[in-house]
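Peer 1: Mind having a look at this structure? Questions to follow.
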Amino acid sequence: MVRISDIRINYEKEPMGVESIEQIGWVIISKEKGVFQQSYHVQISEDERYENLIYDSGVVESGESAHVEPEGVKLRAAKLCHIRVCIRTTDGEESGWTESHFLTAIPDKREWKAEFVSIETEADKEKSSGFYLRKEVALSGEVASAYAYTTALGLYHFYINGRKVGEDEFTPGWTSYNKRLLYQAYDVTEYLTEKRTALGAIVGAGWYKGVIGMARERWHYGDTAAFAMQLFITYRDGRQEVVLTDDSWTGAESPVEFSEFYDGEIYHAGKEIPHWNEPGCTNGEWKSVHSISFEPSVLTAQSGARVRQIDRLPVKRIFQTPQGDTVLDFGQNLTGWVEFKVKGKPGDVVELNCFEILDAQGNVYLDNLRGAKQTVTYICGAEKNVSFHPLFSFQGFQYVRVARYPGEICPEDFQACTVHSALDCTGVFECSNQDLNQLQHNILWGMKGNFLDVPTDCPQRDERLGWTGDVQIFCRTACYLMDTYTFYRKWLADLAADQTKEGGVPHVVPDILSGQRVPNEMTKKGVDSAAAWADAAVIVPWTLYLVYGDKYVLKTQYDSMKAWIDFMVNHSENYRWSYMRQFGDWLALDAEEGSYLGATPNELTCMAYFAYSTSLFAKIAKILGREEDAEKYGQLFCEIRKEYQKTFFDEMGHLNVQTQTAQILTLYFELSPEEYKERVVEDLLKLLKKRNGHLATGFVGTPYFCHVLGQNGCTREAYELLMKEDFPSWLYEVKCGATTIWEHWDGLKPDGTMWSPAINSFNHYAYGAVGDWLYRGIAGINSDDEEPGYKHIVLEPQIGDLDYVRAEYRSQYGVIGSYWIRQGDRIELKIKIPCNTRATIRLRGAGMLLENDGLTVLETSWGMELTADSGEYRILYALK
Ligand code: BGC
């Protein structure tokens with residue numbers, strides 16, 4: 001029996017807030033083997049009975065099940081639409097309809113009439129406190145449907161009749177606000193049960209107005225926080241009403257006395273206005289609001305990737321430090337907040353200091369937080385049991401010092417809650433080596449900790465910025481672990497919006513460095529366009545294309561990508577380019593003592609990435625049918641490569657830069673003359689041997705290290721590198737008890753000392769980029785450039801020193817599985833291929849095939865190649 005599940009609109013299931021439908025996709029499920037779609041039929045309607053269709057594809061003869069682009073669909077504001085899909089397989093089996101739904105946004109911006117309202121005045125500019133807003137409306141009948149559209153200049157929580165609307169946190173998210181401001185959509189029908197309905201919001205400073213950036217400046221986007229809301233109500237009798245934020249709203253001071261990302265929150269419960277967001281409230285002093293002018297054309301409905309509270313962790317242990325502090329240990333470094341219970345007398349105080357690591361003596365260590373106070377202070381109001389967590393601030397921590405707390409501290413009264421973009425988990429990796437499993441865990445938790453609306457470098461110190469290099473490095477790994485499409489697309493739109501006129505790409509996106517009022521050491525040297533960082537403009541869309549097969553993102557980012565390549569062209573002479581501040585092979589261990597820059601010279605990093613991004617861009621132009629660009633940039637790539645070879649190769653075929661990273665980039669970016677490739681590999685092995693099999697690479701070389709070894713016949717060395725347990729290595733961190741990935745290989749040194757507190761995060765996902773090799777190398781789950789998005793799966797497990805591996809990736813076609821068990825030279829490989837896809841299975845080093853489960857086999861010089869249509873198979877073979 002064949003059936004459809006997971007209908008997606010613009011890569012989202014049941015999206016709330018759709019402005020236009022770009023793509024529709026679905027998963028086909030069947031127990032049969034070799035199931036392919038022959039045709040599909042999609043209908044979209046504004047009513048549940050599909051009587052008023054706004055789209056009917058008819059039966060379309062097509063195998064496309066992931067990127068169906070419906071033409072001519074006109075969406076009206078605030079409609080709950082219904083969508084159904086059915087398919088027929090090539091064997092003639094019909095799936096029957098499967099239904100889903102979505103809520104439209106406000107596609108025509110002229111219909112956005114809500115004003116941004118605030119009570120803040122000139123005197124509040126320096127404050128990062130919160131304020132209440134409220135309005136009561138009288139409903140004039142029974143409500144059939146109600147949809148709310150909300151946003152803020154700052155951060156907001158929205159309530160109807162005392163209940164928070166939705167579960168989202170840190171709305172409206174962080175974008176380049178003056179160019180793109182997101183609004184959220186909610187179905188609030190079931191909230192409108194009272195005849196008199198109270199609408200309320202609490203608004204905070206957030207990224208918009210509060211302090212952000214190492215220079216600790218505020219007002220990056222504006223100095224007055226404000227809120228806007230538009231509520232569409234339809235009554236049972238068909239009448240419609242729109243309620244808006246306008247000057248009829250009132251506002252009051254709130255109990256949030258202070259709240260910012262770095263320093264935490266001060267909440268004075270005594271200042272709460274009882275029932276402030278409920279109907280009939282007469283408490284408190286309410287004043288009239290004023291409106292803030294804001295250009296509605298920059299409003300865009302948020303698609304997916306909403307930030308939510310996700311996990312809850314209990315206290316693992318409570319202890320006293322040698323210095324006498326009471327500390328809670330949650331056993332996991334994480335990003336979010338502590339939720340605690342307390343019952344104090346009015347004025348009693350709870351003060352929690354959140355931090356990542358203990359010092360060598362086991363005392364509270366705050367130095368690596370730099371200026372970030374990470375302190376949550378709660379001042380008790382009336383004497384009653386309350387439960388609290390900050391409203392507008394998050395912390396990066398494993399430990400919490402309970403600096404003040406009324407009464408006895410009971411561990412059960414504290415929980416650590418993770419807060420991050422709620423993306424579906426897509427990857428599973430488990431193997432016979434427990435340390436590797438812990439590494440996979442640490443990579444995942446590094447991602448959880450740094451995917452809070454924007455991809456950040458770290459969640460704890462006074463930074464937490466969207467460093468483009470970190471994003472680019474980790475992107476492929478992230479795509480294995482979670483469904484990142486909507487998350488990255490949002491960020492890429494900001495990258496494009498924040499590019500310089502010349503096409504330069506900011507070091508951080510959203511870019512808050514270029515507008516810094518008082519330049520500091522960091523910004524004086526340049527705020528955009530560093531090799532490997534700025535290349536995120538090309539590498540991230542390309543990765544999304546490989547993983548999702550999505551041409552839409554290539555189209556929307558096309559001008560941005562091209563502008564970045566042209567920027568390099570315009571700043572180059574003879575294909576060597578440089579520009580202001582470069583980060584080189586950031587934090588590599590072959591750096592000079594005390595330096596952050598690795599030994600690989602900038603000239604090489606710049607030219608290597610220039611070549612790589614250009615080669616990708618030429619491919620992209622070809623994919624989109626832009627032949628002229630494909631030709632032009634293809635040619636440009638050849639010329640850069642020629643110059644690279646001339647500059648960096650000697651006549652013996654060795655690179656004149658003998659660093660691990662130089663060899664790695666040359667091989668991974670295919671920059672070596674074919675005849676010298678082996679020599680580069682040999683040199684890499686020599687450089688590895690010189691360090692006794694350890695890496696010395698930084699942000700630039702590390703991600704590709706294992707790939708390059710595996711791709712060049714050195715799988716054994718790749719495993720050895722991965723499995724090293726002493727410093728420096730991934731498992732060294734694991735052996736030290738790490739629960740996330742560290743920023744520095746030597747964040748915590750073998751002698752117990754730490755790297756300088758100026759830049760030493762213990763939750764930095766960058767080196768977690770090796771996760772890509774766990775999935776793509778060890779498990780061998782790979783997509784094919786020619787048929788991307790795992791339409792054609794290439795399964796090429798690299799067998800090494802493990803007894804078993806169990807890996808899965810939930811692609812947009814369904815689950816791909818690669819499970820292998822090794823007994824001496826015998827390998828049992830089980831695979832899972834989703835419907836409507838096919839796979840090529842490459843068994844490198846296979847000598848004899850013992851069972852092939854009916855699959856076609858081709859013997860090759862390097863092993864065996866099998867081809868499989870969808871289904872589950874078991875293959876048994878012996879290594880040579
Ligand atoms: C960040 C990095 C970033 C780097 C660039 C650091 O402060 O934490 O991850 O890429 O700066 O210099």
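The values are calculated or read from the model by the stated rules, or taken from the named source; none is laboratory data. From a predicted model like this one, the values you see are computed outputs, not experimental measurements. All Cβ positions, even for glycine, are placed from backbone atoms using ideal geometry, and neighbour counts span all protein chains on display. We work out accessible area using only protein heavy atoms, side chains counted, and drop any ligands, DNA or RNA first. Shrake-Rupley method; radii C 1.70, N 1.55, O 1.52, S 1.80 Å.
Peer 1: 222 nm [θ] for the chain, helices only, -39500 (n - 2.57) per DSSP H run of 4+, per residue, to 500?
Peer 2: -6000 deg cm²/dmol
Peer 1: Only loop residues by DSSP count here, and only those with at most 14 other Cβ atoms within 10 Å; note down the GluC sites (Glu not before Pro) in segment 560-626 that meet that.
Peer 2: Those that pass, being in a loop and sparsely packed, are GLU592, GLU593.
Peer 1: Specify the inter-centroid distance of segment 635-688 and segment 782-797, based on alpha-carbon positions, in whole Å.
Peer 2: Distance between centres, Cα-based: 27 Å.
Peer 1: Right, another one. Going by average Cβ density within 10 Å per residue, which order do the peptides 277-285, 94-102 take, highest to lowest?
Peer 2: Highest mean packing first, the order is 94-102, 277-285.
Peer 1: Given H placed on each backbone N at 1.01 Å, which residues far from TRP755 in sequence or on other chains put an amide H within less than 5 Å of it?
Peer 2: Placed amide hydrogens put LEU748, LYS749 under 5 Å from TRP755.
Peer 1: At a 1.4 Å probe radius, which order do THR523, THR90 fall into by accessible area, largest first?
Peer 2: THR90, THR523
Peer 1: While we're on this one: So what's the gap between the Cα centers of segment 704-766 and segment 1-80, to the nearest angstrom?
Peer 2: About 44 Å separates the Cα centre of segment 704-766 from the one of segment 1-80.
Peer 1: For ARG88, ARG236, ARG776, give me the order by solvent-accessible area with a 1.4 Å probe, most accessible first, ignoring ligands, DNA and RNA.
Peer 2: Result of the area sort, largest leading: ARG236, ARG88, ARG776.
Peer 1: Just list whichever of LYS164/LYS341; LYS622/LYS690; LYS677/LYS735; LYS373/LYS501; LYS448/LYS791; LYS501/LYS555 have alpha carbons separated by over 31 Å in the model shown.
Peer 2: LYS622/LYS690; LYS677/LYS735; LYS373/LYS501
Peer 1: Quote the charge dipole size of segment 596-716 about the Cα centre in Debye, to the nearest 20; the model charges only the Cβ of Lys and Arg (+1) and of Asp and Glu (-1).
Peer 2: That gives segment 596-716 a dipole magnitude of about 520 debye.
Peer 1: Something else about it: Ignoring ligands, DNA and RNA, how do VAL815, VAL708 rank by accessible area with a 1.4 Å probe, largest first?
Peer 2: These residues rank, largest area first, as VAL815, VAL708.
Peer 1: Under the definition of Cα pairs under 8 Å and six or more residues apart, what whole-number percent is the relative contact order of the chain?
Peer 2: Reported relative contact order: 10 percent.
Peer 1: Then there's this: Would segment 722-880 count as rounded, prolate or oblate if I go by the C-alpha gyration tensor, calling it rounded below 1.5 in a/c and otherwise prolate when a/b exceeds b/c, oblate otherwise?
Peer 2: prolate
Peer 1: At 1.4 Å probe size, what's the solvent-accessible area of TYR579? Round to the nearest 10 Å².
Peer 2: 50 Å²
Peer 1: Report the trypsin sites (Lys or Arg not before Pro) located in segment 250-334 that are in a DSSP loop and have at most 15 other Cβ atoms inside 10 Å of their Cβ, or state none.
Peer 2: Loop-located and lightly packed - LYS316.
Peer 1: On a C-alpha basis, how far is the centre of segment 466-486 from the centre of segment 321-342 in Å? Whole number, if you could?
Peer 2: After rounding, the separation between the Cα centres reads 29 Å.
Peer 1: Quote the charge dipole size of the chain about the Cα centre in Debye, to the nearest 20; the model charges only the Cβ of Lys and Arg (+1) and of Asp and Glu (-1).
Peer 2: 560 debye
Peer 1: Related question: From the backbone phi of segment 37-50, what are the Karplus-calculated ³J(HN,Hα) couplings (6.51 cos²θ - 1.76 cosθ + 1.60, θ = phi - 60°) in whole Hz, Gly and Pro given as x?
Peer 2: 7, 9, 8, 9, 9, 10, 10, 10, 9, 8, 10, 5, 8, 6
Peer 1: Among rounded, prolate and oblate, which fits segment 493-543 when a ≥ b ≥ c are the square roots of the eigenvalues of its C-alpha gyration tensor, a/c under 1.5 means rounded, and a/b larger than b/c means prolate?
Peer 2: It comes out prolate by the Cα gyration axes.
Peer 1: Would you mind classifying segment 523-604 by shape? Square roots of the alpha carbon gyration tensor eigenvalues, ordered a ≥ b ≥ c; an a/c under 1.5 is rounded, otherwise it is prolate if a/b is larger than b/c and oblate if not.
Peer 2: prolate
Peer 1: Moving on to the next point. Relative to the longest principal Cα axis of the chain, at what angle does helix 627-648 sit, 0 to 90 degrees, rounded to 10?
Peer 2: In the chain, helix 627-648 runs at an angle near 60 degrees to the longest axis.
Peer 1: Please list, in order along segment 550-560, the HN-Hα scalar couplings obtained from phi with the Karplus expression 6.51 cos²θ - 1.76 cosθ + 1.60 (θ = phi - 60°), rounded to whole Hz, x for Gly and Pro.
Peer 2: 8, 7, 4, 5, 5, 5, 5, 9, 4, 5, 5
Peer 1: Right, something else. What do you get for GluC sites (Glu not before Pro) in segment 706-766 restricted to DSSP loop and a cutoff of at most 12 other Cβ within 10 Å of the site's Cβ?
Peer 2: For GluC sites (Glu not before Pro) across segment 706-766 that sit outside H, G, I, E and B with at most 12 neighbouring Cβ atoms in 10 Å, the list reads GLU725.
Peer 1: Here's something else I'd like to know. Roughly how many Å² is the accessible area per residue of segment 346-440, as a whole number, for a 1.4 Å probe?
Peer 2: For segment 346-440, the solvent-accessible area averages 36 Å² per residue.
Peer 1: Just need log10 I(q)/I(0) for the chain at q = 0.06, 0.07, 0.08, 0.10 Å⁻¹, Debye formula, equal scatterers on the alpha-carbon atoms, no solvent, rounded to two decimals.
Peer 2: Calculated log10 I(q)/I(0) at the listed q: -0.42, -0.58, -0.77, -1.21.
Peer 1: Shifting gears a bit: For the chain, which whole percent of the accessible surface, found with a 1.4 angstrom probe, sits on carbon and sulfur atoms?
Peer 2: Answer for the chain: carbon and sulfur cover 46 percent of the accessible area.
Peer 1: Follow-up question, since we're still on this one. Give me the net charge for the shell around ASP457: Cβ to Cβ below 15 angstrom, other residues only, Lys and Arg +1, Asp and Glu -1.
Peer 2: -3
Peer 1: Can you give the local net charge around TYR612? Use residues other than it whose beta-carbon is closer than 13 angstrom to its beta-carbon, Lys and Arg +1, Asp and Glu -1.
Peer 2: 0
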